[in-house]
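Structure record follows, encoded as C-alpha cells.
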Amino acid sequence: MDHDAVLKELGFGKYQVKILLFIFFPVLFAAANTVAYIFIARAPPYRCFVDQCEEFGSATYDQDWLQHAVPGSISNGKFVPDPCYKYNFNDTGLNGNNTCVGNLFGQQIIKCDSWIFDDNEVTMINDWPSEMTCTENEWKLALIGTSNFAGVMVGSAVFGFIADSYGRRTSFISSIVFMSLTGIGQAVSNSYTMLMIFTLLNAAGSIGIYYSVFVLIIEMLDKGKREMSSVLLNYFWAIGGVLAGIIVYFDSHWRHLTLWIAAPPIIFFVDYWFIPESICWLFSIKSYAKAYKIVQRAAKDNKKELPASIVSQFENHSKAPDAPEVQESKNSEKSSMLSYIELLKSKKLLIRILVLCFIWSNNTLVFYGLSLYSVSLSGNIYFNFIFGCLIEIPGTTIAWIAMNKIGRRNPLVVSLIICGIGSIFGAFVDAEIVWLQVLSFLISKMAISTAFTITCVYTAEMMPTNTRSGCVGAFSTISRLSSLLAPFVPLLKNYYSFLPLLVFGSFPLAAGCLSLLLPETIGCNLPDTLSEAENIGNN
C-alpha cells in the first residue's frame, strides 16, 4: 500500500495536533537532560584556601587581601585569583588589625591542597574537590561530557533498533522512563564513577526520545508537512535547552538541576495510551488491520472521508489476520537486518551513506562544541548559554523556509559554509571586542542549527521505510564518535586561544563541499524500497 497516499488523504487536522502535543512536551525535558552536563561538569570559580588568613568553615571566595596571598590576573578591572597556587606565608602571622597584608607573604608560589569555591555556583567539583580541581584534572570534567556523548551514541543505536523492530511508540515510551530513572540516579550519585555511568545512561534515554519523536512525526504527516515536523521538533529541543539554562540560573546546584529536569517527565509514560503506532511501520510489517483502525480514527477526528480505492485496499489486506505480536516482532527484526545488508551492497547508496556520516559527525561535533563554548564567552555564562539555545530557533526557521522554497542540498551547503567562516573569524577576534566575539558565535550557532535541521529531514527522505529509523539512529551513533572529542576541544585554549574555534570552523567547510554529492529530494515521496531509494532525485 502507498502510505503517502493515505497520509495525504488524512491531511493535517485535530488528530495530528493532538498527537503532536502529547509527544512534544517530553522533548523539552530530553533536551534539558542532554545539555545539563555543561553545568554539572563545569569548573566554577575557586581559589586556594589561605589557612593563615581565614577559617575554612566561614571563608568566602572574594576577599580584599587576595592579591597579596595568591597569584592571579586582572580581567575587566577585577582581580581573578589563580585556582591552584598561593604565595608562601611569612612566620610573623596576622598584623594587629587582624588583616592579611602584602608584607606577610613571600614571592614563592606553592601548590595548595584545599580550596574555597564561589557560593554562586555548585558543580560536581564542589563534591569531589581533591579529584577535580586544577589543570591536571580538567580531563576528568571533559570525560563527563564524553560520557554524555557516548550515551547519545548508544541510545541512538539501541532505541533506533527498538523503533524499527518493536515499533516507534514502544521506543518512545521506554526512552522516557529510562531517561527519568537514570536522571534521578545522577542526582544521587555518591562518586565520580557513579555519576559518569548515570550520565551515559541518561543521555541514551534522552536521545532515544528525540529520534523516536522525529520518526513518529515524519511518518505521521504527508510530504508537504515533513519540514514542519522537523522544525517544530527542533523548536521544542531549543526551548528545552533554554529550560535548563533558566533552571540553573535560579538554582545553580547541580544535583537540584538534575532532579528538576529528570523526575517530572516520568509522568509522560501515560502517552502509551494516547498516541498510536506509526502506520508506516505497521505497513512495513504488514499489520494492515491495526493500521486501518488508526487510519479510521484519524479520518474521523479530521472529519475526512477516505476514498473508496483506499478503503478497498485496506479491506483486501485486512482479510488475513495480523500475525501474533511476538512472531510479528521477530519477523520484523529479521527483515530489518537483511535490509541493512542490502543497503550497504548498493554502491550509489554506500557513497551517500559515507557522505552523510561525515555531515552528521560534523554537525554533532560543532553544534555541541559551540554549546560548550558558550559558557567560555565573556559576560553572564547563563545568559550566554540561553542566547546560544535561543539562536537555534531562527536557525531552524531558516531551514524550514529554505527547504520549502529552495530544497535540501543547496541550503545545507550554504549553512555549513557560513558556520565554518563564522567560527574561523571568531577565532581571531580580540577577546576585548566582546560584542563581535558574541556575534560571530551566534551566527555560527545559528548556521549549524540550520544545517542540523536540514540534515535530519534530508537523511530520512533518502532511506527506505524499513531501515529509516535505524539509519537515522546509526548516523547519529557514528556521529558521536567525533562528538566524543567535543568536550576536549575547548582544552586546546591552554595552548593557543584560537584553536577551539579554528577546529569548529574547519569541519563545516569540508562538510559543505561534500554535501554537493547528495541528490535533491524536495517533493519526492518517501522511498519504500531499495530501488526507490537509489533513484530518488533522478526524476
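Considering every alpha-carbon pair of the chain, the percent of pairs per 20 Å bin, from zero through the bin containing the longest distance, is 21, 49, 22, 7, 1.
Using a probe of 1.4 Å, the accessible surface attributed to HIS253 totals some 50 Å² when neighbouring protein chains are kept in position. Backbone amide hydrogens, once placed in the peptide plane, bring VAL70 within less than 5 Å of TYR87, excluding anything fewer than 5 places away on its chain. Cross-link partners for LYS304 among the aspartates and glutamates, with Cα-Cα distance under 13 Å and sequence neighbours closer than 8 places in the same chain left out: GLU9. In this structure the chain gives 42 Å² per residue of accessible area when probed at 1.4 Å with all protein chains present. Note on LYS14: aspartates and glutamates with a C-alpha under 16 Å away, same-chain residues under 8 apart excluded, are ASP222, ASP301, GLU305.
Leaving out ligands, DNA and RNA, and with a 1.4 Å probe, what % of the accessible surface on the chain is carbon or sulfur? Within the chain, the accessible surface is 63 percent carbon and sulfur.
Within the same chain, aspartates and glutamates fewer than 8 places from LYS347 are excluded, and of the rest, those with a Cα less than 19 Å from its Cα are GLU461, GLU520, ASP528, GLU532, GLU534. Partnerless cysteines in the chain, where a partner means another cysteine C-beta under 4.7 angstrom, comprise CYS280, CYS357, CYS389, CYS419, CYS456, CYS471, CYS513, CYS524. Near the amide H of TRP115, within less than 5 Å, lie the amide hydrogens of PHE49, all on another chain or at least 5 residues away, with H placed in the peptide plane. Remark: the stretch 350-362, residue by residue, has Karplus-estimated 3J(HN,Hα) of 5, 4, 4, 4, 5, 5, 5, 4, 5, 5, 4, 4, 4 Hz, where x stands for each Gly or Pro and the curve is 6.51 cos²θ - 1.76 cosθ + 1.60 at θ = phi - 60°. Axis angle, to the nearest 10 degrees, between helix 409-427 and the longest C-alpha principal axis of the chain: 0 degrees.
Could you grab the relative contact order for the chain? Cα pairs under 8 Å, six or more apart, rounded to a whole percent. Taking the mean separation of contacting Cα pairs over the length of the chain, I get 19 percent. Backbone phi angles across the stretch 40-50, fed through the Karplus curve with coefficients 6.51, -1.76 and 1.60 (θ = phi - 60°), yield HN-Hα couplings of 5, 9, 7, 8, x, x, 8, 8, 5, 7, 9 Hz in residue order; Gly and Pro are listed as x. Only DSSP H runs of four or more residues enter the estimate; each adds -39500 (n - 2.57), and after division by the residues of the chain the mean residue ellipticity at 222 nm equals -21500 deg cm²/dmol. Among the chymotrypsin sites (Phe, Trp or Tyr not before Pro) found in the stretch 370-433, those both in a DSSP coil and sparsely packed, with 14 or fewer other Cβ atoms within 10 Å of their Cβ, are PHE428. Beyond 15 Å, what share of the Cα-Cα pairs of the stretch 185-266 remains, rounded to the nearest whole percent? That fraction is 66 percent. Close amide-amide hydrogen proximity is noted between PHE105 and ASN90, each under 5 Å apart and 5 or more residues distant or on a separate chain (H modeled in the peptide plane; Pro and chain starts excluded).
Altogether, the Stokes-Einstein calculation at 20 °C and 1.002 mPa s, with the Kirkwood radius of the stretch 361-417 over Cα pairs as Rh, returns a diffusion coefficient of 169 µm²/s.
For the stretch 159-165, the Karplus equation 6.51 cos²θ - 1.76 cosθ + 1.60, evaluated at θ = phi - 60°, returns couplings of 6, x, 5, 4, 5, 6, 8 Hz by residue, with Gly and Pro reported as x. Reported to the nearest whole Å, the Cα centre-to-centre distance from the stretch 375-433 to the stretch 29-48 is 22.
The values are calculated or read from the model by the stated rules, or taken from the named source; none is laboratory data. Everything quoted here is computed from the prediction, not taken from an experiment. Positions of Cβ are generated from backbone atoms using ideal geometry, with glycine treated the same way; all protein chains shown enter the neighbour counts. What goes into the accessible areas is simple: the full protein's heavy atoms, side chains included, and nothing from ligands, DNA or RNA. Shrake-Rupley method; radii C 1.70, N 1.55, O 1.52, S 1.80 Å.
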